[in-house]
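Bear in mind these aren't lab numbers, they're just calculated from the coordinates by the rules spelled out. Computed from a prediction, not measured in an experiment: that's the story for all the values here. Backbone-built Cβ (ideal geometry, glycine too); neighbour counts: all protein chains shown.
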Amino acid sequence: MALTTTTAMAAPTSYEPSSEVNPRFYTGIGYGQYSFEFDNDDLDTEFDDDAGMLEAYVGTQLNDYWSFELGYHNFDEVSDIDQQAELDGVSLSTKLALPVSERFKVYATAGWLEWDADLRAQLDDLTIATTQADGGDVFYGAGVQFAMTEQVRFNIEYERYELDEQIDPEMDVASLSVEYLF
């Protein structure tokens, strides 16, 4: 009688989120589309346009529910027939998450954006007015996060930026980002 032994190699089939209580650090990059509605009382002009947005950020995840992020946002130029606006800024935000399953979370985010804007009015190819504005204002949003692995996560997010200084834009951003946890 022969003794036969069979060994099966099992690959991990499920991702288990970390139950560590220590803070974890992460970094991320993202791309989004934003809608920019602009009113300038000084120039008596307004316009509405859509453009792309790039973001890069670092964060600290304190636990499964709470994180802080520091980010840089570069909003592509938006323009109308005779006007252009370009905006970028640095943000500090907090994120409150609710795990739905092992891999999915829904979250809300809120923060502060310090921004700079360059505004130009043109007639044909001649620039007739240039204005620079800066300020700091709140933003808020919500999103869904999917954990591909313990280190790699994807986010789909919607944010509203409330910029109320010299320019009065309404900015809505829909974005997709990828994060890496250390």
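If you take the beta carbon distance between LEU54 and THR149 as r and set R0 to 35 Å, what does 1/(1 + (r/R0)^6) give as a FRET efficiency, to the nearest 0.05? Mind dumping the intermediate values first?
Numbers: r = 24 Å, r/R0 = 0.69.
Using R0 = 35 Å, I get an efficiency of 0.90.
Explain nothing, just the number: relative contact order of region 89-170, from Cα pairs under 8 Å at least 6 residues apart, as a whole percent.
Details: 163 pairs, mean separation 20.4, N = 82.
Computed value for region 89-170: 25 percent relative contact order.
Looking at region 128-175, which GluC sites (Glu not before Pro) are DSSP coil and have at most 14 other C-beta atoms within 10 Å of their C-beta?
Details: sites: GLU150, GLU157, GLU159, GLU162, GLU165, GLU170; in loops: GLU150, GLU165.
Qualifying residues, ordered by number: GLU150, GLU165.
Determine, for each peptide in 131-138, 23-30, the mean count of other beta carbons within 10 angstrom over its residues, then list the peptides with the highest first.
23-30, 131-138
Report, in whole Å, the centroid distance computed from the Cα atoms of region 131-181 and region 72-93.
13
Find out how many positive minus negative residues lie around GLU77, taking Lys and Arg as positive, Asp and Glu as negative, among other residues whose Cβ is under 10 Å from that of GLU77. It would help to have the intermediate numbers written out before the result.
Values: positive: ARG120; negative: ASP49, ASP76, GLU86, ASP118.
Once positives and negatives cancel, what remains is -3.
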